[in-house]
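First the structure, in the form of C-alpha cells, and then the observations on it.
The values are calculated or read from the model by the stated rules, or taken from the named source; none is laboratory data. Everything numeric here is computed off the predicted structure, so don't read it as measured data. Positions of Cβ are generated from backbone atoms using ideal geometry, with glycine treated the same way; all protein chains shown enter the neighbour counts.
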Amino acid sequence: MTKPLQTASIAAPGFFGLNTQESGITLDSGFALEATNCVIDRYGRLGARKGWTLLAEQADVALKGMHRFVDIDATEYFGVWSDTNFYIYSGGALSPVTYSGSQSITEGNWQAVTLNDAAYLFQKGYEPLYFDTATGSILDISASPSASGTPIEGNCALSAYGRVWTADTATNVTTLYWTDLLDPTRWNSGTAGSLDLSSILVKGNDEIIALGAHNGFLIVFCKENIVIFGDSETSQTYLDPATLQLVEVISGVGCVARDSVQNTGTDIIFLSESGVRSLGRTIQEKSQPMRDISKNVRDDIVRLITSETVANIKSAYSESNAFYVLSFPSTQQVYVFDMRSPLQDGASRATVWNNMEFTSWLGFDGELYMTHNDGLARYFGYQDNGESYRMQYYTNYFDMGSPTQTKLLKRLAVTLITSSGQPFTVKSAFDYNSLYTSYTSSTVEVPVSEYNIAEYNIDEYTSGIIADAVRIPAGGNGSILQLGFETEIDGGELSVQKIDVYVKQGRIL
C-alpha cells in the first residue's frame with residue numbers, strides 16, 4: 001500500500017536570523033545557518049537587502065569618512081573626506097574644501113562632532129580641525145578667534161551636554177578632557193578641564209576607546225571597563241563637570257572599536273571583545289544584565305575582530321530600516337542586526353552582507369550612506385551600482401519529527417513575494433552532506449498592463465510584485481534534511497514567505 005505524503009512547513013523562513021553558535025539539529029526552524037545579503041523586513045519575512053548606488057562618482061577618490069550637520073541658519077552641510085582631502089557633497093557632486101591649516105594630514109580616521117553652529121574633527125596625533133561656514137574651509141582649531149589653550153589631540157570625541165569631550169591621545173589614554181561650555185575652541189578657560197580615570201578603574205589601568213551619552217549620563221568606554229558619570233544637579237540643562245559624580249564602573253567588558261558606538265535613541269550599541277553589546281538597559285536598571293546582541297553569531301564576530309584593524313571597523317544605525325550595521329572592511333563583510341524587538345534570549349536577529357567595499361557608514365533622514373573608493377554611495381534599489389548580487393538562505397537541519405526514519409523527498413514548494421519571472425534555485429541535502437542537489441525554477445510571468453500614459457514617459461504599468469507558490473519535483477533520501485535558497489537580485493525586491501517539504505517516510509534506521 002502506498003504511503004501518504006507527509007508535509008513539513010517552514011513558515012517565515014529565517015525569521016530569527018542567523019544562528020551559527022548552536023547545533024543545527026536543535027535549532028528552531030525560524031533560524032538560518034546562512035542568510036547572506038538578506039534582511040528581516042518589517043513584516044517578519046526574510047528578504048533581499050537593498051542594493052547601493054553611487055550618488056557622487058569620482059574614480060579613486062578613496063573616501064574614508066563623512067559627517068553631516070545643519071548650521072544655525074538651517075543650511076545643511078554633508079562633509080566627506082579621504083586620507084588627504086576634504087569635500088562637501090551637494091547636488092550629486094563632491095566639491096573640494098580647502099584645508100588652510102599648517103599640519104601635514106595623511107590619515108582620514110577622523111571622528112566628527114557638531115556643537116554651536118560648527119563641525120569639529122578629531123584624530124589621534126593631529127590638532128583638531130573645524131569647518132568654518134563663513135569661508136567654507138577647514139581650519140586648525142587654534143585658528144579660531146575665540147581659541148585658548150592647547151587643543152587636545154584626542155582620537156575619540158563627543159558633543160554632549162553643551163561641550164565637546166575627548167580622550168585617547170598619543171601620550172595619555174586614561175584622561176578625559178572637556179572644553180568650555182558652548183565653545184569647543186577653549187581648552188584652558190571657563191569650565192574646561194580634565195579627569196584622570198586611573199584611580200577609579202577596577203582592575204588597574206585601561207585605555208579609553210570611545211565616548212557616549214544617554215539619558216543624562218556621560219559614558220566612557222574603555223577597552224575593559226565602562227565608566228558612567230552623572231550630575232547631582234538634576235535641574236540643569238547641561239552636565240556640569242563641577243558636580244560630576246561617578247554612577248557606576250562596569251568591569252570586565254568594554255569597547256574595542258571607537259566607531260562601533262551608536263546611539264539609537266533608546267539604547268547604546270557597541271562592539272566588545274566578545275561581540276556586540278547593548279548598554280541602555282544596564283544604565284536604567286543596574287540589576288539587569290547587559291544584552292548580548294550578537295549572541296547567536298558571537299564566534300563569527302570575534303574571529304572578524306581579531307583579523308581586522310580595529311580603527312577600520314565602522315558602524316551605523318538606520319532608524320528607518322531599524323537595523324544596526326557593523327562593517328569589517330578587510331573581509332568586505334557587514335553584519336546587520338535587526339533592532340525592532342529582541343529574541344527571547346536577548347539577542348537581535350542577524351544577517352550578513354558580503355562584497356561590501358565601503359569604508360564608513362552613516363544613517364540620517366531615513367537614508368543610509370556609505371563612503372567608497374569611487375565616491376559617496378546610498379543604500380537604495382535592488383542592484384549594486386547597476387550589477388546583480390546573490391541572495392542566499394540555508395535552513396537549519398531538521399528531521400520532521402522522525403530522527404530515526406529515512407525520508408524520501410518528493411516535492412518542494414516555495415512561496416515568494418517578488419517580481420514576476422524571478423529565477424531562483426532551491427537546494428537540498430541529507431545527513432549533513434555538503435553536496436547539494438539543485439532545482440532551478442522561477443515565479444510565474446505576469447503580463448504587463450498598458451496604462452496609456454506615455455505623455456509622462458511611462459508606456460506600461462504593472463505593480464511588478466507578485467505572490468507566487470512554486471512547486472518543484474525533488475528527490476533524494478535520508479533522515480536529516482537541509483534546504484537552501486539562492487537567487488540573483490537584479491532590480492526587484494524579494495522575500496520568502498514559506499517553504500513546504502513533501503516526503504514519504506521510509507525504513508526505520
**Message:** For region 90-123, give me the residue count where each residue is on the phi > 0 side of the Ramachandran plot and charged (D, E, K, R).
**Reply:** 1
**Complete:** Of the residues in region 228-264 that are small (Gly, Ala, Ser) and assigned to a loop (DSSP other than H, G, I, E, B), the one that is modelled with the highest pLDDT is ALA257
**Message:** Out of ASP71, ASP28, I need the residue that is over 23 Å from PHE358 (Cα atoms) and assigned by TED's automatic domain parsing to the domain that holds GLY484. Which one?
**Reply:** ASP28
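For region 137-227, please list each of the strands (runs of 3 or more DSSP E) lying entirely inside it that holds at least 1 residues being in contact with a Lys or Arg (Cβ under 9 Å, 6 or more places away or on another chain) and modelled with pLDDT of 95 or more.
By residue number, 156-160, 175-178, 208-214, 217-222.
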**Message:** Given the criteria crowded, with 21+ Cβ neighbours inside 10 Å, modelled with pLDDT under 90 and not in a loop (DSSP other than H, G, I, E, B), does ILE269 qualify?
**Reply:** no
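So that you can scan it fast, the table gives a plain yes or no per residue for (1) polar (S, T, N, Q); (2) at pLDDT 95 or above:
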| site | (1), (2) |
| --- | --- |
| TYR461 | no, no |
| ILE465 | no, no |
| ASP468 | no, no |
| ALA474 | no, yes |
| ILE480 | no, no |
| THR487 | yes, yes |
| GLY492 | no, no |
| TYR502 | no, yes |
**Asked** Pick from region 311-342 the residues that are touching a helix residue (DSSP H, G or I) at 6+ places or on another chain (Cβ under 8 Å) and over 15 Å from TYR369 (Cα atoms): which of them is surrounded by the fewest Cβ atoms within 10 Å (Cβ to Cβ)?
**Response** SER330
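Residue-wise test of (1) crowded, with 22+ Cβ neighbours inside 10 Å; (2) in contact with a strand residue (DSSP E or B) (Cβ under 6 Å, 6 or more places away or on another chain); (3) not aliphatic (A, V, I, L, M).
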residue: TYR89; (1), (2), (3): no, yes, yes
residue: SER95; (1), (2), (3): no, yes, yes
residue: TRP110; (1), (2), (3): yes, yes, yes
residue: ALA143; (1), (2), (3): no, no, no
**Message:** With the requirement that a residue be within 22 Å of ALA48 (Cβ to Cβ) and either among the hydrophobic types (A, V, I, L, M, F, W, C) or crowded, with 19+ Cβ neighbours inside 10 Å (or both), what does region 344-361 give you?
**Reply:** SER348, ARG349, ALA350, THR351, VAL352, TRP353, MET356, PHE358, TRP361
**Complete:** Within region 61-81, residues among the β-branched types (Val, Ile, Thr) and outside any strand (DSSP E or B) come out as VAL61, ILE72, THR75
**Asked** Among the residues of region 21-37, is any surrounded by fewer than 16 Cβ atoms within 10 Å (Cβ to Cβ) and either closer than 26 Å to SER320 by Cβ or under 19 Å from the mean Cα position of the chain (by Cα) (or both)?
**Response** no
**Asked** Residues TYR379, TYR397: which one is buried (at least 19 other Cβ atoms within 10 Å of the Cβ), outside the structural domain of VAL501 (by TED's automatic domain parsing) and of a type in the set (Ser, Thr, Tyr)?
**Response** TYR379
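Each row is one residue, and each column tells you yes or no for (1) among the charged types (D, E, K, R); (2) touching a residue at least 60 places away in the same chain (Cβ under 8 Å); (3) within 30 Å of ASP431 (Cβ to Cβ).
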site: SER341; (1), (2), (3): no, no, no
site: TYR379; (1), (2), (3): no, yes, no
site: MET400; (1), (2), (3): no, yes, yes
site: GLN405; (1), (2), (3): no, yes, yes
**Fill in**
(1) farther than 22 Å from ASN354 by Cβ; (2) assigned to a strand (DSSP E or B); (3) of a type outside the set (Val, Ile, Thr) all hold for LEU54 apart from (1)
